[in-house]
Each structure stands twice: as C-alpha cells, then as structure tokens.
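See below for the structure under consideration.
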Amino acid sequence: MGHSTGEEPLGERLGCWIDGAERFPQPWMAVCDPASEEPFAHVPVCDASWVHRAVAGAVHAHKAWQKTAPHHRRDVLRSWARLLRTHKDDLSNLLSRETGKVRSAAASEVDNTAQLTDYFAEEAYRLSGVLPLLGDPQRHTLVVREPVGVVAAITPFNYPLSTLICKAAPALAVGCAVVAKPDEHTPLSTVTVAKLAAEAGLPPGLFQVVTGPGPLTGAALVDHPDVRCISFTGSTDVGKEIQRRAASSVKRLILELGGTCPAVICEDADWRPHLPAMIAQAYKNSGQYCYRITRLYVARSLWEAFVPEFTERAMSLRVGSPEEPDVDLGPLNHRDILRRVEDQVSRARQAGATIRQAPLPGRLTRGFYYPPTVITNLPAHSPLLDEEIFGPVTFLLPFDDEAEVVAEANRSPYGLAAYVFTGNLSTGLRLAHDLEAGSVWINGIHQALPDAPFGGMKQSGLGREKSRFGVEAFTELKTIYMAY
Ligand code: NAD
C-alpha cells in the first residue's frame, strides 16, 4: 500500500461511496496483490473532511430510515443477500485478489456473508421492542428499543466481508446508518458490496464507505461526535487506542480483537479422526484467522504419536498462488504481517525451540508467502505464547494434568476461542467452563453459527456479534412511563 499524488494512477480505480454515489477525493492509495506484490487498483484517501461528509449524510439518512417499517428493512437486506449471491464469482475473485486468500475460501466467505445478511434481516424483524410492565391500571411503563444512530464499522484485512456484514446488516436492520472503514489493504470488496446495497434498494446515505489509512480515516471516524457506536474488528492494540479515543464522547463500543486460541488434546481423546479439522483450524486463511488454533496442548502420553502425525499433515499443506487449483495456503496479506511472523519464528529459534517448516515451492519467487510451520520444545512461559501469531505457525506443548493445562491455556492475555478433545463429556464440559474463552468447541470444529454469540473475553474484546445479542447491540433501551 502506498500513496500517489497528482498523476493518474494505473489499474482499476474505485471511489469511496458516499450518499449513493462513488466519489473520488485525492490523493490515491494503491492496493497491492499479495501474490505479486504489485499494485493493481487504487482507492481514495479520505481525510477528516470526507469522513465528516460521510457521517453528515448518514445522520440525515438515518432520520427517515429508523421510521420505516421493519419488514421493509428486512426486504431490502434480503435483496442485498440475493445480489451478493448473484455476483458471487466477481466478488470472490476481487476478494481473493486483494486478500491473497485462495479462490474457494473467498467464495465461501461470500456465501457466508450472504447467509449472515439473510439471518440478520430475519433476526432483527423478530426483535421484541415493547415490554408492558404490570402495575397500577392507570400507569404503565413501556420499554422500547431504538436504533443507536450512526454506527462506524471498522474492519480488518483477513475477512473483509464477513466481519463487515456482522456489523452492517444488524445495524441497518434495526434502523441505524453505517459508515464503513475497510482496511487499507482490502477496500475493494467493501466498496463493491456498497454498490450492491444501493442496487438492492438501500436509500443513499445509509451505507457509506470511506477508504484510507487507519490513523487518518479511521481515527477521524472514531473522533466524530455524531458517530454513536463503533463496531471494530482488528488488533488488540488498535482496539485499545479506539477505546481510549471513544471515551472522550462516551461512544458505545463493540470490539472483536485478537487471539491465541488453545486446543487441549486429553489423554482419552480419539484424536486421529479430528486431525484434519485441527489442521484446518490451525492453518486456515494462511493462519490469518483470529479463531485459529495456535497452541496445541497434548497429553504427555499421546505426545510421541501425536507430534509426528500432526507435523506430517501440516508439512503436506500446499502453498501457492490463490488462483491455482488445489492450493491450501495463499500468501499472507502484506509485507508487515510477513515480517512479523518471520520475526516471531526467529525469536522461537533463538530461544532454543525446534522449528519444522516445509520449503516453499520454487515457483513462488514473489509474493508474501510463508510456509506451514510447527514449533516444539519452546521453553515454558515463553513470551511468544502470549502473542498473537497471524501466520501459519503452531506451537505443540506437552502437559501432565488438567490443572496444569488450564493454568497454561488461561495464562494468555487473550480469551477468544478454545478447543477440547476428550473421550469423556464431563471432562470436556469441565474444561469448557474452566477455559477463559468466548467460544469453546468440544470434539468437533464446525463453522461458527449465525445464531450463536461470537466474541471474546479478556483482551480479545468487548461485546458479542451474531445472534440476537449482536442485533440488540445496535439498539438503545428507552423507558417510557405513562399515566392516564
Ligand atoms: P488492525 O487493527 O491493524 O486494523 C483493523 C482496522 O483498524 C483497519 O481498518 C485499520 O485501518 C483500522 N485502524 C488502524 N488504526 C486505527 C486507528 N488509530 N483508528 C481507527 N482505525 C484504525 O488489524 P488488522 O491487522 O487489519 O487485522 C488483524 C487483526 O484483527 C488480528 O489481531 C485479528 O485477530 C483481528 N481479528 C479479530 C476478529 C474477531 O472476531 N475477534 C476477526 C478478524 C480479525
């Protein structure tokens, strides 16, 4: 990503999306293809004045939108979901190009995004807004739900569409307006779905997109006095910065932050049938996945058998260009992420750990590729276990008893997800209660469901997305006392 001023940029140009039209403020910012490292598109850098314009349009549009019938809002969202499916091929190609994720994964992100849009359209329609409280027959109390107002949706590069839709769809469905700020490395899919929302009948101003760097465009959105809620998915460091800044005007916050998720493989686990799912969850999206398994705690009695089988499977993952068929891991999204992963693995090596890596295929002479990596013999209490590793790297760690593994797993400052494998459901449930995580999977890993809450404890975040809780998050409760 880089800025270019003055000259006409090469490649595709997409504007930001404000009040129902594409706009082209200057300067331009390049978007690079992670597989070639070459710029292939440009978007505008929106400064504070453009952010102000977007928020002002959203404030205006919200006034009418909040008074529309809920079934109308539902119908618009369902049309949006239909258009996402109609344009799935183009959208997934664009998503794959800007993120570096393999085509099949990009296509399933588009499917998931359409499914979530449908879910939120329906769930918001069922939102119960009025609770008459019994009491004096001439006095009644109503508790109503109102949309919170203008919502800033700030999203990361790893899942640009599915993270966006968990904010935009419920917020729009309950009558809010949304100003989206996609990550500077992956803005194209967000602008494209904004155009589809307009085509679906969403009135101008309700879904604005401002493009630009986080510290400029994102910060202007966070500071704007007319933004009432910030729904942010991204790193814990930026989440903390947003929390500090949002305090000055007491904005509502939903924060979906980082993780270093543990998996516990107990002595009595029938672990072999689960190995493919463990590998998939550890190396998904080339490891750029907040819910991914980073630390595998393996019962010492299983260690000798587990380590070689897990490592062999990890080493057989195929790395290649996102366009190639049968590729498991594409490149990382940008150079900074690659450098950070390289630094973390080199610190593990310096600390005396054993590193297993498959060599990268010789044809990959450019691009931000990193090979699947398995690390063993890391010294106990290494600070690396407390860091998020946003790349295809896992730690295998032996444990002797349940108390020890719970203490080790919970030592992390994060608390997003955890995974337990055991032959005994009571052990599984005990561990699920003891592990500090927003979601725990026992003996199976499937896609997180739209109707189940999603989010983290500790430094993994605040609040929950998805489910009815993720819809209610965009509403304010108002109490109305009546006497008659
Ligand atoms: P990031 O924090 O660097 O950026 C996220 C977004 O914040 C981008 O749009 C960026 O432009 C913006 N931003 C940066 N500085 C800002 C500022 N000062 N003010 C306002 N906005 C600012 O994160 P990333 O590197 O794009 O994404 C990876 C991170 O996201 C990882 O830590 C990952 O765990 C996390 N993540 C969490 C979840 C979840 O559900 N918990 C899901 C996906 C990703």
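Of everything in the range 203-227, what is open to solvent by 50 Å² or more (accessible area, probe 1.4 Å) and away from the ligand (no atom under 11 Å from the Cβ)? Give them in sequence order. Across the range 203-227, the qualifying residues are Pro203, Pro204, Pro225, Asp226. A single member of Thr186, Thr190 is polar (S, T, N, Q), touching a residue at least 40 places away in the same chain (Cβ under 8 Å), closer than 30 Å to Lys284 by Cα and open to solvent by less than 10 Å² (accessible area, probe 1.4 Å), and it is Thr186.
When Val298, Val327 are checked against the criterion of being farther than 30 Å from Thr427 by Cβ, assigned by TED's automatic domain parsing to the domain that holds Ile355 and touching a residue at least 60 places away in the same chain (Cβ under 8 Å), Val327 stands alone in meeting it.
So that you can scan it fast, the table gives a plain yes or no per residue for (1) within 13 Å of the ligand (Cβ to nearest atom); (2) modelled with pLDDT of 95 or more; (3) part of a helix (DSSP H, G or I):
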site	(1), (2), (3)
Cys229	no, yes, no
Ala246	yes, yes, yes
Gly258	yes, yes, no
Ala263	no, yes, no
Asp268	no, yes, no
Asn285	yes, yes, yes
Trp303	no, yes, yes
Pro308	no, yes, yes
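Hey, among Arg468, Arg430, which residue is of a type in the set (Lys, Arg), under 18 Å from Ala299 (Cα atoms), more than 16 Å from the ligand (Cβ to nearest atom) and not in a loop (DSSP other than H, G, I, E, B)? Just a single option satisfies the conditions, and that option is Arg430. Note on the range 76-111: among residues that are in contact (Cβ under 8 Å) with a residue 24 or more places away in the chain and over 27 Å from Arg13 (Cβ atoms), the one that is surrounded by the most Cβ atoms within 10 Å (Cβ to Cβ) is Leu77.
Selection of the range 388-402 for residues being assigned to a loop (DSSP other than H, G, I, E, B) and under 23 Å from Asp434 (Cβ atoms) yields Glu388, Asp400, Asp401. Out of all the residues in the range 32-45, is one or more surrounded by fewer than 15 Cβ atoms within 10 Å (Cβ to Cβ) and on the phi > 0 side of the Ramachandran plot? Yes: one or more hits. Evaluation of Ile389 against the conditions (1) open to solvent by 30 Å² or more (accessible area, probe 1.4 Å); (2) touching a strand residue (DSSP E or B) at 6+ places or on another chain (Cβ under 9 Å); (3) within 16 Å of the ligand (Cβ to nearest atom) shows that the sole unmet condition is (1).
The values are calculated or read from the model by the stated rules, or taken from the named source; none is laboratory data. Since the model is a prediction, treat every value here as computed from it, not as a measurement. Virtual Cβ from ideal backbone geometry, glycine too; neighbours counted across all protein chains shown. With ligands, DNA and RNA removed, areas are computed over all heavy atoms of the protein, side chains included. Shrake-Rupley method; radii C 1.70, N 1.55, O 1.52, S 1.80 Å.
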